[in-house]
1. Enter the angle in degrees (range 0 to 90, nearest 10) between the Cα long axis of helix 10-34 and the first principal axis of the Cα atoms of the chain, meaning the one along which they spread out most.
2. Please determine, in degrees from 0 to 90 and to the nearest 10, the orientation of helix 132-157 with respect to the longest principal axis defined by the Cα atoms of the chain, where the helix direction is its Cα long axis.
3. Assuming a ≥ b ≥ c are the square roots of the Cα gyration tensor eigenvalues, decide whether region 1-149 counts as rounded (a/c under 1.5), prolate (otherwise, with a/b larger than b/c) or oblate.
4. From the helices alone, meaning DSSP H stretches of at least four residues, give me the mean residue ellipticity at 222 nm for the chain, per-run term -39500 (n - 2.57), in deg cm²/dmol to the nearest 500.
5. Which of Ser19, Ser113, Ser29 moves most in a GNM of the chain, Cα contacts under 10 Å?
6. If you place +1 on the Cβ of every Lys and Arg and -1 on the Cβ of every Asp and Glu, how big does the dipole about the Cα centre of region 120-174 come out, in debye to the nearest 20?
7. Between Ala123 and Ser4, what is the label-to-label distance in nm when each label sits 7 Å out along the Cα-to-Cβ direction?
8. When a/c is below 1.5 the answer is rounded, else prolate if a/b is larger than b/c, else oblate, so apply that to region 29-88 with a ≥ b ≥ c taken from the square roots of the Cα gyration tensor eigenvalues.
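Bear in mind these aren't lab numbers, they're just calculated from the coordinates by the rules spelled out. Here the structure is a predicted model, which is why all the values come from computation and not from measurement. Cβ placement follows ideal geometry from the backbone for every residue including glycine, while neighbour counts extend to all protein chains displayed.
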Amino acid sequence: MKSSDASYGTFAVTIHWLSAVLIIVLIVSGFRSGFVVDPEVKLSALRVHVPVAILVLLLTVARLVWWWRFDRKPAPLGTAPRWQEVVALWVHRALYLLIFVLLASGIAMSVMSGLPDALFGSAQMPELADLAPRAGHGVAARLIAAAVLLHAGAALYHHVIVKDATLRRMWFSR
Ligand code: HEM
């Protein structure tokens with residue numbers, strides 16, 4: 001379950017890839033809702049978006065507790081220049097921060113608008129555009145899409161060009 005000096009453990013790898021897939025689902029379903037006007041299409045996108053966001057919340061809490069109490073990250077591979085290690089560290093921190101901002105603003109929007117009654121009851125789709133947290137959610141959504149591209153691009157660069165173990169060690173070891 002735990003990570004070694006050379007590689008990430010099963011728990012960390014599982015949480016990482018589950019969160020990655022679910023965050024991509026959130027980006028697609030969020031923009032699907034954000035870019036249409038038809039309230040029925042919005043509702044069907046948000047019926048996916050909100051429960052998946054709650055799953056990401058649970059996974060993020062589990063991930064933070066795991067690193068805080070139970071496990072230690074593997075040592076840096078030493079194949080990247082120092083500046084790239086620093087950029088990677090800040091991109092990872094930015095991902096955590098943006099996930100937190102998105103969860104907090106998403107929950108605030110839902111509570112302020114009564115959205116759950118529309119999603120899982122018979123109320124009409126509420127107007128969200130004028131809510132203060134909606135603007136922050138939109139900005140953070142664009143920033144996380146950019147951070148995910150940067151993060152995935154860097155992992156692929158290490159795998160394909162540098163040919164080191166950066167991506168391989170975030171997979172299940174045999
Ligand atoms: C990591 C967590 C999350 C991510 C990555 C995410 C992503 C997104 C994206 C990309 C958009 C489209 C933004 C735009 O069009 O300007 C969006 C909109 C939205 N999200 Fe999230 N979101 C997250 C968490 C949440 C949570 C926790 C909730 C509610 C409990 C929520 C509810 C909404 C709502 C109501 C919209 C507005 C849709 C509209 O205006 O039609 N999101 N989200």
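1. It is inclined by approximately 30 degrees.
2. Once rounded, the angle reads 30 degrees.
3. prolate
4. Computed ellipticity for the chain at 222 nm equals -23500 deg cm²/dmol.
5. Ser113
6. With Lys and Arg at +1 and Asp and Glu at -1, about 460 debye.
7. Spacing of the two 7 Å Cα→Cβ label points: 5.3 nm.
8. Oblate is the answer for region 29-88, as a/c is 1.5 or above yet b/c matches or exceeds a/b.
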